[in-house]
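To start, the structure under review is shown below, and the notes come after it.
The values are calculated or read from the model by the stated rules, or taken from the named source; none is laboratory data. Given the structure is predicted, the values throughout are model-derived calculations rather than measurements. Quick reminder, even Gly has a Cβ in these numbers, built from the backbone with ideal geometry, and neighbours come from all protein chains shown. These area figures cover heavy atoms from the full protein model, side chains too; ligands, DNA and RNA do not enter into them. Shrake-Rupley method; radii C 1.70, N 1.55, O 1.52, S 1.80 Å.
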Amino acid sequence: KDVDRTADLDPDSGDHAPTPAATLSVKAMLDNMRKHAPKTAAHMERVARYAVAVAERSGFPPEDLSLLRIAALLHDVGMISLSRDILGKPGKLTAEEYLMVREHPQIGYQMVKGIVGLQAAAIYVLYHHESYSGHGYPEGLEGPEIPLGSRILAVAEAFDNMHVEMPYRQALSLAEVKRRLTSASGNQFDPDIVKVMNAVAEKTFVDDVEELAWSEAEMLLDDPLAPRPTVNLGGRRLAAGNPDQ
């Protein structure tokens, strides 16, 4: 509860677009994560694609999409503090390891908030593990208290975590992922965001599984209004920036 959230980090204030210097900082963070934990970095890149597709249908301010995109790309950047053994552990985490993992939103927040122009993105990173019912962390925020960007990230991340193969289980089918999201709607997740996620998944995801290329991850930091090709997601494919395709 004593997370360092200051008044000047209100997500409704500040610039809407990252500066060129901020973009370089984001790319450097992503590059470091890819070297430390390639699978975590690939997860972050996929979540960015999902989050933007959902945000475009969720009443998210269009002028803030670039900040949400960056928050999604960096939502697990705090995981860089964890050892490779913990990140790739095939079995159940110990209580001590779990507590270490729970620190990653605050660590990521501290890393991102110092980048000029990314204060709102830092807030989205900080609260992406809050639960709609108020039982999440780090602060136990509830419902609309959780920033919309963080609520979108929570659903996008859960979708990816379930829909790709993990060290301890096979990837779940699209139908099963949607069923589980729906069952957690209103409890763990914002029900409106879940509805959009399920609708987007129905329209834009296909069955071939390939790895997202780093050059395509870098495109996420470019002009969000530019035409996007269909790109590989490492879990499913999504026509980025075009949920209706």
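Quick look at the numbers
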read-out: Any hit, the range 133-143, residues being closer than 18 Å to A184 by Cβ, of a type in the set (A, V, I, L, M), touching an Asp or Glu at 6+ places or on another chain (Cβ under 9 Å) and surrounded by fewer than 23 Cβ atoms within 10 Å (Cβ to Cβ); value: yes
read-out: Failed item in (1) over 28 Å from S81 (Cβ atoms); (2) not in a loop (DSSP other than H, G, I, E, B), with Y124 passing the rest; value: (1)
read-out: Counted residues, the range 107-148 - those being closer than 19 Å to R69 by Cα, in contact with a Phe, Trp or Tyr (Cβ under 8 Å, 6 or more places away or on another chain) and of a type outside the set (G, A, S); value: 8
read-out: Criterion: out of contact with any strand residue (DSSP E or B) (no Cβ under 7 Å at 6 or more places or on another chain), small (G, A, S) and open to solvent by less than 40 Å² (accessible area, probe 1.4 Å) - qualifying residue of A120, A154, A171, A95; value: A120
read-out: Matching residues in the range 43-63 - criterion: being among the aromatic types (F, W, Y) and open to solvent by 10 Å² or more (accessible area, probe 1.4 Å); value: F60
read-out: Looking only at the range 157-168, and only at residues there that are more than 26 Å from I123 (Cβ to Cβ) and aliphatic (A, V, I, L, M), the one that is surrounded by the fewest Cβ atoms within 10 Å (Cβ to Cβ); value: M166
read-out: Qualifying residue in the range 150-170 (condition: touching a Phe, Trp or Tyr at 6+ places or on another chain (Cβ under 8 Å), more than 21 Å from A48 (Cα to Cα), outside any loop (DSSP other than H, G, I, E, B) and free of Cβ contacts under 8 Å to residues at least 60 places away in the same chain); value: no
read-out: The range 171-182 residues that are under 16 Å from V155 (Cβ atoms), paired with ones that are among the basic types (K, R) and open to solvent by 40 Å² or more (accessible area, probe 1.4 Å) (beta carbon under 8 Å, 6 or more apart); value: L172/R180
read-out: Leading residue by the ranking (nearest to H135 (Cα to Cα)) among those in the range 110-121 that are among the small types (G, A, S) and either in a loop (DSSP other than H, G, I, E, B) or more than 15 Å from the chain's Cα centre (by Cα) (or both); value: G114
read-out: Among the residues listed as I115, I123, the single one being at pLDDT 90 or above and within 17 Å of I152 (Cβ to Cβ); value: I123
read-out: Tabulated pairs, the range 63-77, first within 9 Å of A121 (Cβ to Cβ), second among the hydroxyl-bearing types (S, T, Y) and open to solvent by 10 Å² or more (accessible area, probe 1.4 Å), C-beta under 6 angstrom, 6+ apart or interchain; value: A71/Y124
read-out: Residue in the range 80-97 that is free of Cβ contacts under 8 Å to residues at least 40 places away in the same chain and at positive phi present; value: no
